[in-house]
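The values are calculated or read from the model by the stated rules, or taken from the named source; none is laboratory data. Note that the structure is a prediction, hence the values are computed from the model and not measured. Don't worry about glycine lacking a Cβ; one is built from the backbone with ideal geometry, like all the others, and counts go over all protein chains shown. Please note that ligands, DNA and RNA were not included when accessible areas were found on the heavy atoms of the full protein model with its side chains. Shrake-Rupley method; radii C 1.70, N 1.55, O 1.52, S 1.80 Å.
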Amino acid sequence: MSLRKNIPAAARNAWSMTFGPDLEPPQPTPSTVLYDEPHRTLRRFERPGCEPGDAPVLMVPPLAAPATCFDLRPGQSLAEHLLKTGRTPYVIDYGTIDFADRHLGFEEWIDHIIPAAIRRVSAEHGGKPIDVVCWCLGGTMTLLSASAHPDLPIRSIATVATPIDYSKLPSIYPLRTIARITGGRITTLGTKLLGGVPAPLVRLTFRATAFERELKKPAFIARNLTNTETLARMEAIERFMGQMPAYPGKLYVQLWNRIMLRNDLAHGGLKLGSRFIEFKHLKVPVLAIAGTGDAITTVPAARHLLSVLTGSPMVRFETEPGSHLGVLAGPGARETTWPHIDTFLTEQQAAELISH
């Protein structure tokens, strides 16, 4: 009898996943665009009928990932969660990256895109310091921005799945070995010819980090064909991966040479030409969270942040279950990762009130 009851649901789900509309249409959290410029669109998330609160949080995504990482779907949206806790979340969206953007390097994000977003969010709240929450390379770029520009109105930084010591990332061991033999020329030559890392290759690489998941996907779908919620979660991840943009050429060459091969971050900063941005100049509290099941950013690679932020008044490190995306926006993040962020932000708000 129960089998007969489940047949219509299984048929509907199978049809939707194969021919029909999405099982769960995208339901982005309502937002307002504050400015819309190439690679630096700033949005403020809002609750309909409610005035924005005065606890601003800027969310910074990495390169080669859509800003929807912070607003994946209802129940898996950090933006939605921050609104419910009385905060006003903002997100910077880099949009698409193509061949014309091949000249963009880390400098563009560290000196312009991220600082401009921080200053604008601060200005929206009377010039007060703001909290910044970042994912993956977004954390790297934010830490470097705060180190390069100590005058930025930042109250605190929380990073999720941000690697610091790239020698502790097994996924790039083969690349580092090949680079030692070739001097890294094969990778940089290909990147220069293509003007970066094209979006399809970025998507393929991300899927490769979860190769076992990809192999098991048909069996997973068959096993959960009657479970619309589970399939909708999978569909949201597939949609997210399908929107991954490219890496700009100059930035990827810098990432490859200075961060992956020379491991600059683990040694305290990043060398860009004759300039060396040092983490010791960062002067705000930092929370770092790593996923124990993350195949891209391992716990040891993220934990090294404790060793390099020598100028920060407080650095806290936490681990929680989850893959690279799952630790930020998985179905369990609201009980694991997000409470750490809530506690940290509340502590910074209380400390600011006491200091005044």
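Note on the range 265-296: residues that are over 17 Å from Tyr166 (Cα atoms) and of a type in the set (S, T, N, Q) total 1. Restricted to the range 67-162, the set of helices (runs of 4 or more DSSP H) holding at least 2 residues that are hydrophobic (A, V, I, L, M, F, W, C) and surrounded by fewer than 18 Cβ atoms within 10 Å (Cβ to Cβ) comprises 114-124. Out of the residues in the range 249-262 meeting the condition of being open to solvent by less than 10 Å² (accessible area, probe 1.4 Å) and either aromatic (Phe, Trp, Tyr) or within 23 Å of His324 (Cα to Cα) (or both), tell me which one is modelled with the lowest pLDDT. Among those that are open to solvent by less than 10 Å² (accessible area, probe 1.4 Å) and either aromatic (Phe, Trp, Tyr) or within 23 Å of His324 (Cα to Cα) (or both), it is Trp256. Being closer than 17 Å to Cys134 by Cβ and either open to solvent by less than 50 Å² (accessible area, probe 1.4 Å) or modelled with pLDDT under 95 (or both) holds for only one residue in Ala295, Ala246, Ala301, and it is Ala301. Residues that are surrounded by fewer than 19 Cβ atoms within 10 Å (Cβ to Cβ) and assigned to a strand (DSSP E or B) within the range 266-285 comprise Lys271, Leu272, Arg275, Phe276, Glu278, listed in sequence order. At pLDDT below 65 and either within 30 Å of Gln27 (Cβ to Cβ) or surrounded by 21 or more Cβ atoms within 10 Å (Cβ to Cβ) (or both): does that describe Ile221? Against the criterion (at pLDDT below 65 and either within 30 Å of Gln27 (Cβ to Cβ) or surrounded by 21 or more Cβ atoms within 10 Å (Cβ to Cβ) (or both)), Ile221 qualifies.
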